[in-house]
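Take a look at the structure set out below.
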Protein chains: 2
Amino acid sequence: MGVVYRRRGFHYERELARMLYREGFAVIRAPASGSRAKRVFYPDIVALYKKNILVFEVKARSELCDIYIEREKVERLRDFAERSGGEAYVVVKITSMGEWRVVPLDQLWETEAGNYRVSKFTLERSAKLEELLKRVRRAA
Amino acid sequence: MGVVYRRRGFHYERELARMLYREGFAVIRAPASGSRAKRVFYPDIVALYKKNILVFEVKARSELCDIYIEREKVERLRDFAERSGGEAYVVVKITSMGEWRVVPLDQLWETEAGNYRVSKFTLERSAKLEELLKRVRRAA
């Protein structure tokens with residue numbers, strides 16, 4: 001189950017990376033988890049376009065729902081975004097809708113246990129990835 | 001011999017990545033050559049600082065000398081720099097001098113065979129890495 005899940009995530013990361021590349025971005029994907037290089041933290045995807053920096057944590061879900069993310073991962077994404085001057089997002093493929101949605105890191109809720117949640121409510125109202133890319137291209 | 005050489009390059013990449021991190025950059029190193037993720041091209045190091053993007057091909061030599069780089073690598077670095085809006089450099093550790101030098105990609109010479117060369121003459125007159133980092137921090 002764990003393996004299936006990880007491979008599914010990997011599949012959608014690749015789909016997203018290819019889409020961003022076609023849109024003109026320079027794209028870097030993190031090494032697969034388990035590989036040696038992963039000792040250092042990297043975001044799932046870093047996409048660069050004319051000095052605009054997008055930092056992505058990639059998720060896939062069949063439907064709109066709450067999504068939980070570990071505290072450490074969010075803190076490292078935030079640190080990477082601050083150092084780079086980039087914008088950090090959780091980007092979610094909703095497979096039943098065939099849509100990519102983006103949620104800025106500052107719209108996550110902290111859970112009682114100290115982790116983070118993208119609420120279903122937030123996800124329902126989130127922007128589509130295409131809108132973000134359109135804005136970035138206009139700004140560039 | 002080949003293996004030793006590759007491992008030495010790896011060592012200096014790590015040294016450079018750590019230095020850039022200490023200087024406040026978000027840093028991404030390419031996966032080790034041979035790993036699966038390397039099917040896609042990545043620069044040796046991408047360093048990000050407040051929307052400034054530096055793209056590095058990393059070399060190490062014991063002394064100032066001509067350095068040759070394959071055409072395909074240079075073209076891919078150039079493409080990555082153009083998409084990202086970043087500046088691309090060959091960064092060279094001269095071990096006998098204990099110095100890191102940076103040569104902008106557009107100062108490479110094309111060889112008769114269609115590859116590229118950082119000439120010893122260019123390398124002797126190249127800027128130190130610290131000067132580049134100082135300029136980037138001032139610009140940010």
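Throughout, read-outs are computed from the coordinates displayed, never taken from laboratory work. Everything quoted here is computed from the prediction, not taken from an experiment. Cβ placement follows ideal geometry from the backbone for every residue including glycine, while neighbour counts extend to all protein chains displayed.
Under unit Cβ charges (Lys, Arg +1; Asp, Glu -1), what dipole magnitude, rounded to 20 debye, does the protein assembly as shown have relative to its Cα centre?
That gives a dipole near 320 debye.
So which lysines can A:LYS134 reach, going by Cα to Cα under 16 Å and dropping same-chain residues fewer than 8 places off?
Candidates past the 8-residue exclusion: A:LYS50, A:LYS51.
Using amide H atoms built 1.01 Å from N in the peptide plane, name the residues 5+ places from B:VAL90, or on other chains, whose amide H lies under 5 Å from its own.
Here the answer is B:GLU57, B:VAL103, B:LEU105, since their amide H atoms fall under 5 Å of that of B:VAL90.
How large is log10 of I(q)/I(0) for the protein assembly as shown at q = 0.09, 0.15 Å⁻¹ when the intensity is taken from the Debye formula with one equal scatterer per alpha-carbon?
Scattering profile of the protein assembly as shown, log10 relative to I(0): -0.46, -1.15.
Can you give me the distance in nm between label points at B:LYS73 and A:ARG137, each placed 7 Å from the Cα along the Cα-to-Cβ direction?
3.4
Dipole size in debye (nearest 20) for the range B:66-140 around its Cα centre, Lys and Arg Cβ +1, Asp and Glu Cβ -1?
Taking the Cα centre of the range B:66-140 as origin, the dipole is about 420 debye.
For A:ALA127, list long-range residues whose amide hydrogen, built 1.01 Å from N in the peptide plane, is under 5 Å from its own amide hydrogen.
Excluding prolines and chain starts, which carry no amide H, the hits are A:VAL102.
Give a residue-ordered list of calculated ³J(HN,Hα) values for the range A:42-48 (Karplus: 6.51 cos²θ - 1.76 cosθ + 1.60, θ = phi - 60°; whole Hz; x for Gly, Pro).
Per residue, the Karplus-derived 3J(HN,Hα) values read 10, x, 4, 9, 10, 10, 10 Hz.
Considering the dipole of the protein assembly as shown built from charges on the beta carbon (Lys and Arg +1, Asp and Glu -1) around the Cα centre, which of A:ALA139, B:LEU54, B:TYR21 is farthest to its positive end?
The one lying farthest along the dipole's positive direction is B:TYR21.
Taking the beta-carbon count within 10 Å as an exposure proxy, list B:MET19, B:MET97 from fewest neighbours to most.
Lowest count first: B:MET97, B:MET19.
Taking the Cα centre of the range B:2-139 as origin and charging only Cβ (+1 Lys, Arg; -1 Asp, Glu), how large is the dipole, in debye to the nearest 20?
Computed charge dipole of the range B:2-139: roughly 640 debye.
In terms of Cα to Cα distance under 18 Å, which lysines are near enough to B:LYS120, apart from those fewer than 8 places away along the same chain?
Partners found: B:LYS59, B:LYS93, B:LYS128.
Could you tell me what % of all Cα pairs in the range A:2-139 have separations over 25 Å?
21
Name the residue, out of A:ARG125, A:ARG83, A:ARG18, whose mean-square fluctuation peaks in a Gaussian network model built on chain A with Cα pairs under 10 Å.
Highest fluctuation of the listed residues: A:ARG83.
Can you list the HN-Hα couplings for the range A:66-75, worked out from phi with the Karplus curve (6.51, -1.76, 1.60; θ = phi - 60°), rounded to whole Hz and with x for Gly and Pro?
Karplus values, whole Hz, x for Gly and Pro: 5, 10, 9, 9, 5, 3, 4, 5, 5, 5.
For the range B:117-130, take each phi angle, set θ = phi - 60°, evaluate the Karplus expression 6.51 cos²θ - 1.76 cosθ + 1.60, and give the result in whole Hz per residue in order, putting x for glycine and proline.
9, 8, 6, 4, 4, 5, 5, 4, 9, 6, 6, 6, 3, 4
Mind listing the long-range amide H neighbours of A:ALA60? Cut-off is under 5 Å, sequence gap 5 or more, other chains count too, H placed in the peptide plane at 1.01 Å from N.
Amide H neighbours of A:ALA60, under 5 Å, 5+ apart: A:LYS93.
Out of all DSSP beta bridges in the range B:2-139, what portion is antiparallel? Express it as a percent rounded to 5.
75
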